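See below for the structure under consideration.
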Amino acid sequence: MTNAISNRFFASLSIPPNHFLVPPLSHFRRCHRPRLYRKPLHERASRSVTRFSSISSSSSSYSGKPGFVGWYLRMLETYPLITKSVTSSLVFAASDITSQIITLPSFSASYDLIRTLRMAIYGLLILGPTQHTWFGFLSKIFPKTDLASTLKKILMGQFILGPIINAVFFSYNGACQGEGVTQITARLKRDLLPTLLSGALYWPVCDFVTLRYLPVRLQPLLNSTFTYVWTIFLTYMANRG
């Protein structure tokens with residue numbers, strides 16, 4: 001009798017077999033979801049430090065350069081578009097002043113300040129941003145600086161950028177002088193082709209030196225230096241009768 005009661009008691013307390021050995025499937029999925037692998041914290045920290053040091057080293061390389069050159073290179077690295085645009089504006093203004101000194105019979109009596117301001121605005125708002133975009137574009141589609149890539153860049157400059165930027169320059173200058181569509185069209189027919197032919201003798205050599213031997217961030221600077229000489233001729237063509 002006692003044995004029967006004890007058996008029934010322990011039977012009521014019995015645990016289904018494998019209750020703890022085989023957990024429910026939903027519980028297994030909930031507790032054993034695959035997790036994406038993440039690198040340890042020290043590896044992620046070291047990678048961030050490496051990235052920061054590479055950026056800071058590129059900028060600190062300019063901080064050691066003395067005087068105006070170091071300041072300009074730092075500005076070029078920190079504010080590339082603004083720096084290139086302001087540089088282009090100053091170059092165009094200086095070129096126009098030089099052009100007026102050469103062509104005017106009396107510079108002090110006949111100097112045209114509005115014309116110089118017009119050229120400076122063109123360099124600031126049109127040519128500077130165009131140089132920044134164009135040289136960056138060329139470096140992306142032709143990242144190498146070998147002879148073949150350099151020649152391709154030069155040809156693209158002669159057949160794509162040259163006609164467009166010169167047409168924009170003559171149109172801008174004519175519109176600022178109050179010319180209408182008919183007069184601007186006549187100006188383009190008269191001046192654009194001779195300008196492009198003259199540019200074909202000048203710019204390929206300049207572009208070869210610029211694109212072959214300079215890093216992308218400095219290419220607009222040297223291009224603006226060559227532009228100084230070219231713009232003397234260009235402003236003469238744009239402002240002749």
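Is it true that residue 200 is touching a helix residue (DSSP H, G or I) at 6+ places or on another chain (Cβ under 8 Å) and without any contact (Cβ under 8 Å) to a residue 40 or more places away in the chain? No; evaluated as a whole, the condition is false for this residue. Count of the range 200-234 residues, restricted to those that are within 17 Å of residue 122 (Cα to Cα), crowded, with 17+ Cβ neighbours inside 10 Å and hydroxyl-bearing (Ser, Thr, Tyr), is 3. Taking the residues in the range 106-146 that are in a helix (DSSP H, G or I), of a type in the set (Ser, Thr, Tyr) and closer than 23 Å to residue 162 by Cβ as candidates, determine which candidate is farthest from the chain's Cα centre (by Cα). Once the filter is applied, the top-ranked residue is 122. Before we move on, is residue 155 of a type in the set (A, V, I, L, M), touching a Phe, Trp or Tyr at 6+ places or on another chain (Cβ under 9 Å) and assigned to a helix (DSSP H, G or I)? No: the conditions fail for residue 155. In the set (1) among the aromatic types (Phe, Trp, Tyr); (2) modelled with pLDDT of 95 or more; (3) farther than 21 Å from residue 99 by Cβ, the condition left unmet by residue 172 is number (3). Per the listing 174, 178, the residue uniquely exposed (fewer than 14 other Cβ atoms within 10 Å of the Cβ) and not hydrophobic (A, V, I, L, M, F, W, C) is 178. In summary, residue 185 fulfils each of the numbered conditions (1) open to solvent by 50 Å² or more (accessible area, probe 1.4 Å); (2) modelled with pLDDT of 95 or more; (3) in contact with a Lys or Arg (Cβ under 9 Å, 6 or more places away or on another chain) with the single exception of condition (3). Only residues that are surrounded by fewer than 21 Cβ atoms within 10 Å (Cβ to Cβ) and free of Cβ contacts under 8 Å to residues at least 12 places away in the same chain were counted across the range 74-89, and they come to 3. If you go through the range 137-148 one residue at a time, how many are hydroxyl-bearing (Ser, Thr, Tyr) and surrounded by fewer than 17 Cβ atoms within 10 Å (Cβ to Cβ)? Of the residues in the range 137-148, 1 are hydroxyl-bearing (Ser, Thr, Tyr) and surrounded by fewer than 17 Cβ atoms within 10 Å (Cβ to Cβ). In the range 95-114, the residues that are without any contact (Cβ under 8 Å) to a residue 12 or more places away in the chain reach residues that are of a type in the set (Gly, Ala, Ser) with C-beta atoms within less than 7 angstrom, at least six apart or across chains, in these pairs: 104/110. Does residue 92 satisfy being assigned to a helix (DSSP H, G or I) and either in contact with a His (Cβ under 7 Å, 6 or more places away or on another chain) or free of Cβ contacts under 8 Å to residues at least 40 places away in the same chain (or both)? It is false that residue 92 is assigned to a helix (DSSP H, G or I) and either in contact with a His (Cβ under 7 Å, 6 or more places away or on another chain) or free of Cβ contacts under 8 Å to residues at least 40 places away in the same chain (or both).
Restricting attention to the range 94-119 and to residues that are open to solvent by less than 20 Å² (accessible area, probe 1.4 Å) and out of contact with any Lys or Arg (no Cβ under 8 Å at 6 or more places or on another chain), the residue that is nearest to residue 174 (Cα to Cα) turns out to be 119.
The values are calculated or read from the model by the stated rules, or taken from the named source; none is laboratory data. Keep in mind the model is a prediction, meaning the values are calculated, not measured. Please note: Cβ atoms are built from the backbone with ideal geometry, for glycine as well, and neighbour counts cover all protein chains shown. SASA here: full protein model, heavy atoms, side chains in, ligands and nucleic acids out. Shrake-Rupley method; radii C 1.70, N 1.55, O 1.52, S 1.80 Å.
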